[in-house]
Amino acid sequence: MDEAGLRREAAAFFDQFVTNFASFNGPRVVSLYAVPGLAIRSDGAVQVLQSRPDLEAFFQRALDGYAALGCCTCRYHDLAVTPIGSRAMLSSVTWDLLDAGGAALKSWRQSYNLALLPEGWRIAASTEHLD
């Protein structure tokens, strides 16, 4: 697939991520992740999530924290895509957490190693950009 095709695939993936995020349901968000998963946090901490229950608990804590901040949904922008062979890509986006009025509560940049698995594109690893 050419880079334009990968960009369309990545945009569709992140559109689905936004929909799943808005449910504030950890298992629904985790449906877009491969198991095991790897997350590198903004403080440099590396977290290996070995099982689906580990991933679900991790994301439910994050979603609960976002809701406590007044977050109602999220959006992404500044999508960048780099092909990694024929069945993987590196995708980077800037995320905004949004309140009920659409104002950004928090923003950050994050990159994802996406792998094309039999069930579709899934996040194998993510890295919050370190400042």
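Quick check: anything in segment 47-54 free of Cβ contacts under 8 Å to residues at least 40 places away in the same chain and either crowded, with 18+ Cβ neighbours inside 10 Å or closer than 27 Å to Ala104 by Cα (or both)?
Yes, some residue in segment 47-54 is free of Cβ contacts under 8 Å to residues at least 40 places away in the same chain and either crowded, with 18+ Cβ neighbours inside 10 Å or closer than 27 Å to Ala104 by Cα (or both).
Please state which one of Leu6, Leu63 is over 15 Å from the mean Cα position of the chain (by Cα), buried (at least 17 other Cβ atoms within 10 Å of the Cβ), assigned to a helix (DSSP H, G or I) and touching a residue at least 40 places away in the same chain (Cβ under 8 Å).
Leu6
Do we find a residue being in contact with a helix residue (DSSP H, G or I) (Cβ under 9 Å, 6 or more places away or on another chain), at pLDDT 95 or above, assigned to a strand (DSSP E or B) and surrounded by 12 or more Cβ atoms within 10 Å (Cβ to Cβ) anywhere in segment 11-34?
Yes, there is a match, as at least one residue in segment 11-34 is in contact with a helix residue (DSSP H, G or I) (Cβ under 9 Å, 6 or more places away or on another chain), at pLDDT 95 or above, assigned to a strand (DSSP E or B) and surrounded by 12 or more Cβ atoms within 10 Å (Cβ to Cβ).
Scan segment 66-101 for residues that are of a type in the set (Lys, Arg) and loosely packed, with under 15 Cβ neighbours inside 10 Å and jot them down.
Passing the criteria: only Arg87.
The values are calculated or read from the model by the stated rules, or taken from the named source; none is laboratory data. From a predicted model like this one, the values you see are computed outputs, not experimental measurements. Neighbour counts are summed over all protein chains in view; Cβ atoms, including those assigned to glycine, are modelled from backbone coordinates with ideal geometry.
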